[in-house]
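Engineer: This is the structure I want to talk about, given as structure tokens.
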Amino acid sequence: DPAAGAETWSAAPPIWSSVPWESPDRTGHGEFPALTFPPGIPARPLGRAPLGLGIVPIPPIPARDPDSLVRDDDDLVVEESKRRCPNRECRAGVGRSLDGAPGQPEGRCPVCGTMYSFRPPLHRGDFLGQYQVRGCVGYGGQGWVYLASDLNLDGDPVALKGQRGYASAASNAAAAAERRTLIELRHPDIVDIRNFVKHRDPETGRLNGYIVLEFLAGESLEEKIKTGRLPVAETISYILAVLPALGYLHDSGLVYGDFKPANVMQVRDRIKLIDLGGVRRIGDSAVRHSVVTSGFQAPEIGPGGRPSVNSDLYTVGRTLAVLTAPFAPTGEYATRLPDPGVIPVFSRYESFYRFLCRATAADPRRRFGSAAEMAGQLVGVLREVVALEGGGPLPPLSSALFTPERDVVTVDPRPARDTALALPVPQPDETDPAAAFLSTVTATDPDEVIAQLRHAPRTSIEVAFRRTLARMGQPRFAEADAALEIPPGADPADWRFVWYRGLLDLAAGQAEEAWHAFAMIRDLLPGELAPKLVLAVCAELLDTPAVARHYYQTVWHTGQGFVGAAFGVARTYAKEPGSGGTEDAIDVLESIPESLRHHATARIKALQLRLDRPGLDEKGLREAAKRLRELDLDDEQGLRQRIEVWQAARTWLGCGGDPTMGDPLLDVPLRSDAIGFALEKAYLRLRRHVPGRRDRVALVKSAHAARPRTRWRGSQVARDVAG
């Protein structure tokens, strides 16, 4: 564990970090363009949900006897590194070792002269009004924490937390205002503040303040990692459970300020924020009074910095990283993340790493803008992690940002324009000024759509997007048309413009340029599957099947919402030399459930792969026939697939195949003459389903080419063509 200096971790460079046309710094430290989210774009509501979202089993923490947490006086030693002057306007290090002499737990600050003591000022049996102390349970960022009984509530256990004490009158007035704010906070996932009391220290005569909180006999996340880092899915579940509480604070005009593992506790089957000492007003300039923790605080929170929602969410990202990855959040990694090649968990979970990169970006503008936005992406990341660990495929989850596939790409993605038109697009903005008009544009022909759009009341963003799709669908579309119109007043940094620009590049055959556009969206929205689907298409067009398969598999295993991803996985397998890839491709295609409308198409493609694979034998033929019988096909499809099986059988027989089983193959004896007659009848029946005369003639010729030679063959051809 690098945090303890025990060993150095290393991981093989992941496939996603070695894309030849992508700069290496694109995968590190959150360095990506600062794209924006227009206010009208829908977002998934931030609400409370069961711990683990029903897909990650997390056992509840059993209730503990509060008195069992009381510590002996001998254990109550404050580490020297945590000893600071209690004067909030000083905070100098005090009571520390010097020139080999041990630090003294009591004394005066050499900077401001304030008296300090790092021994608990309260003892068992002390009274603070209605509260009687039962013992000390530990030392936190705000001072000593005690277990006490509320004598007005039949001895109900409460926690007494000492406040950092001594400051100017102005600071004390600000602290009083902060206390009034905190006591008004009410959220089920935030520790309940019940009261504020004061107690005069009998030794110093100083009046000390204490916060009275509900006592939570749970387990903090810091305690959970004492024996090792946590699984990623479990950690994400904890953070998702507490993000609604952060969102509540932000909506109340407050920042939490000191989010870290020690301040998040599991209590039975719920997660709670347990320390509000760092809560401040958003934009409060009095940062020198803020409670922060080195290695977690945002880099801009220093002298003159102002706490913000972005800085709060930065601490969430750092907490996620520290809980899952074995590195110390100080020194070299105090303000950045280790590379995936150093931390195996980052290498294994790409979307998780990219999420952390955005959450902890050095530039606040590149981070998540709200707790709801962060939670929306983190849900997607969690689903990917669970699927990768064998918990998938999961039920599809509709995206708040992207439409489903507009069509399913079941074949090679060339020509790229047809593929670009089939891919998802951003969900339309219902607040767009032209939304009502666009609902009346119902034409499907691209030229008609463009003609109708000329009557739009104004050229809004959604009108521009609709016109872009229509232009891509025109037969005369060319690379010269790959220019995106940005209406007056629109924000060019709107991420949706990047998406449509990528589609235009893809339609024009510029797969590498398209990759760069969609990679930006992938980094911006690490929990979304749509960008990964499009990146897989780009990689396939750029002849990098390993990268394409990585993204196709991520999409398909996570939710089966994008069926095109399954066909993509199969294509990358089918192109591998040997029979192993073909078998894998067949397995993927046959895994598409019957509930999806492309189930039959997938089974037909799997059947074709069975028949086309090298070394086809009698066993393979009969297995293909069995699979065909399981399909519910119409008459035309059934005839075409029977023809495929019989043609393969005839080829096998012609190459010396010797049947060992006497059973018929699709009701036809496995002999060359019998198969020939069956093919003839099938081709002639199939012509009834073909409208064009040229196609019917071709089928008749195929029928007579398949029929075993007889003396009547020539005249029969003429009669069948006429018929």
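Engineer: If a residue must be outside any loop (DSSP other than H, G, I, E, B), surrounded by fewer than 14 Cβ atoms within 10 Å (Cβ to Cβ) and charged (D, E, K, R), how many such residues does the range 61-110 contain?
Structural biologist: Summing the residues that are outside any loop (DSSP other than H, G, I, E, B), surrounded by fewer than 14 Cβ atoms within 10 Å (Cβ to Cβ) and charged (D, E, K, R) in the range 61-110 gives 7.
Engineer: Restricting the search to the range 649-670, which residues are β-branched (Val, Ile, Thr) and exposed (fewer than 10 other Cβ atoms within 10 Å of the Cβ)?
Structural biologist: Matches in the range 649-670: Thr660 only.
Engineer: Next up: Quick one: how many residues across the range 613-624 are touching a residue at least 24 places away in the same chain (Cβ under 8 Å) and in contact with a helix residue (DSSP H, G or I) (Cβ under 8 Å, 6 or more places away or on another chain)?
Structural biologist: Step one: list which residues in the range 613-624 are touching a residue at least 24 places away in the same chain (Cβ under 8 Å), which gives 613-618, 621-622, 624.
Now restrict to residues that are in contact with a helix residue (DSSP H, G or I) (Cβ under 8 Å, 6 or more places away or on another chain): 613-618, 621, 624.
Residues flagged as touching a residue at least 24 places away in the same chain (Cβ under 8 Å) and in contact with a helix residue (DSSP H, G or I) (Cβ under 8 Å, 6 or more places away or on another chain) within the range 613-624 amount to 8.
Engineer: Residue by residue through the range 593-607, note down the ones that are surrounded by fewer than 16 Cβ atoms within 10 Å (Cβ to Cβ) and touching a helix residue (DSSP H, G or I) at 6+ places or on another chain (Cβ under 7 Å).
Structural biologist: Matches in the range 593-607: Pro593 only.
Engineer: For the range 38-60, give me each residue that is at pLDDT below 75 and in contact with a strand residue (DSSP E or B) (Cβ under 8 Å, 6 or more places away or on another chain).
Structural biologist: Within the range 38-60, Pro38, Ile41 qualify.
Engineer: Between Gly317, Gly341, which is farther than 24 Å from Cys90 by Cα, modelled with pLDDT under 95, of a type in the set (Gly, Ala, Ser) and within 22 Å of the chain's Cα centre (by Cα)?
Structural biologist: Gly341
Engineer: Take Leu243 and decide whether it is open to solvent by less than 20 Å² (accessible area, probe 1.4 Å) and more than 24 Å from the chain's Cα centre (by Cα).
Structural biologist: Numbers: open to solvent by less than 20 Å² (accessible area, probe 1.4 Å): yes; more than 24 Å from the chain's Cα centre (by Cα): no.
It is false that Leu243 is open to solvent by less than 20 Å² (accessible area, probe 1.4 Å) and more than 24 Å from the chain's Cα centre (by Cα).
Engineer: If you don't mind, there's one more thing I want to ask. Could you check the range 541-555 and list, in sequence order, the residues that are open to solvent by 10 Å² or more (accessible area, probe 1.4 Å) and under 17 Å from Gly391 (Cα atoms)?
Structural biologist: The answer is Gln553, Thr554.
Engineer: Quick check on my filter: what residues within the range 130-161 are within 20 Å of Gly257 (Cβ to Cβ) and touching a Cys at 6+ places or on another chain (Cβ under 8 Å)?
Structural biologist: Of everything in the range 130-161, just one residue is within 20 Å of Gly257 (Cβ to Cβ) and touching a Cys at 6+ places or on another chain (Cβ under 8 Å), namely Val145.
Engineer: Among the residues of the range 216-227 satisfying the criterion of being in contact (Cβ under 8 Å) with a residue 12 or more places away in the chain and in a loop (DSSP other than H, G, I, E, B), which is farthest from Ile190 (Cα to Cα)?
Structural biologist: The residue in question is Ile225.
Engineer: Are there any pairs, at least 6 apart or on different chains, whose C-beta atoms fall under 6 Å, with the first in the range 57-73 and in contact (Cβ under 8 Å) with a residue 12 or more places away in the chain and within 22 Å of Leu213 (Cα to Cα) and the second of a type in the set (Gly, Ala, Ser) and surrounded by 12 or more Cβ atoms within 10 Å (Cβ to Cβ), and if so, which?
Structural biologist: Matching pairs, first to second residue: Ile61/Gly218; Arg64/Ala217; Pro66/Ala217; Val70/Gly135.
Engineer: While we're here: Please verify whether Glu373 is open to solvent by 30 Å² or more (accessible area, probe 1.4 Å), over 30 Å from Ser460 (Cβ atoms) and part of a helix (DSSP H, G or I), treating the condition exactly as stated.
Structural biologist: Spelling it out, it is not the case that Glu373 is open to solvent by 30 Å² or more (accessible area, probe 1.4 Å), over 30 Å from Ser460 (Cβ atoms) and part of a helix (DSSP H, G or I).
Engineer: So, one more: Would you mention how many residues in the range 437-482 are among the hydrophobic types (A, V, I, L, M, F, W, C), open to solvent by 60 Å² or more (accessible area, probe 1.4 Å) and within 34 Å of the chain's Cα centre (by Cα)?
Structural biologist: 0
Engineer: Which residue pairs have Cβ atoms closer than 6 Å, lie 6 or more positions apart in sequence or on different chains, and pair a first residue in the range 252-264 that is of a type in the set (S, T, N, Q) with a second residue that is crowded, with 24+ Cβ neighbours inside 10 Å and in a loop (DSSP other than H, G, I, E, B)?
Structural biologist: Pairs found: Asn263/Asp275.
Engineer: Continuing with the same structure: Please work out if Gly581 is small (Gly, Ala, Ser), out of contact with any strand residue (DSSP E or B) (no Cβ under 7 Å at 6 or more places or on another chain) and either open to solvent by less than 20 Å² (accessible area, probe 1.4 Å) or under 22 Å from Leu699 (Cα atoms) (or both).
Structural biologist: Criteria met by Gly581.
Engineer: Still on this structure, please answer the following. Say whether the condition of being in a loop (DSSP other than H, G, I, E, B), in contact with a Phe, Trp or Tyr (Cβ under 7 Å, 6 or more places away or on another chain) and more than 30 Å from Glu350 (Cα to Cα) is met by at least one residue in the range 179-188.
Structural biologist: Looking through the range 179-188, at least one residue is in a loop (DSSP other than H, G, I, E, B), in contact with a Phe, Trp or Tyr (Cβ under 7 Å, 6 or more places away or on another chain) and more than 30 Å from Glu350 (Cα to Cα).
Engineer: Return the only residue of Glu389, Glu384, Glu430 being open to solvent by 40 Å² or more (accessible area, probe 1.4 Å) and not in a loop (DSSP other than H, G, I, E, B).
Structural biologist: On inspection, the qualifying residue turns out to be Glu389.
Engineer: Moving on to the next point. Within the range 403-418, how many residues are under 15 Å from Arg549 (Cα atoms), surrounded by 15 or more Cβ atoms within 10 Å (Cβ to Cβ) and out of contact with any Ser or Thr (no Cβ under 6 Å at 6 or more places or on another chain)?
Structural biologist: Final tally of qualifying residues: 0.
Engineer: Does Tyr248 satisfy being open to solvent by 40 Å² or more (accessible area, probe 1.4 Å), over 27 Å from Tyr139 (Cα atoms) and part of a helix (DSSP H, G or I)?
Structural biologist: So Tyr248 fits the description; yes.
The values are calculated or read from the model by the stated rules, or taken from the named source; none is laboratory data. All figures in this text were calculated on a predicted structure; none of them were measured in a lab. Reconstructed Cβ throughout: ideal geometry from the backbone, glycine too, with neighbour counts over all protein chains shown. Each accessible area value is taken on the protein alone, full model and side chains, heavy atoms only, with ligands, DNA and RNA left out. Shrake-Rupley method; radii C 1.70, N 1.55, O 1.52, S 1.80 Å.
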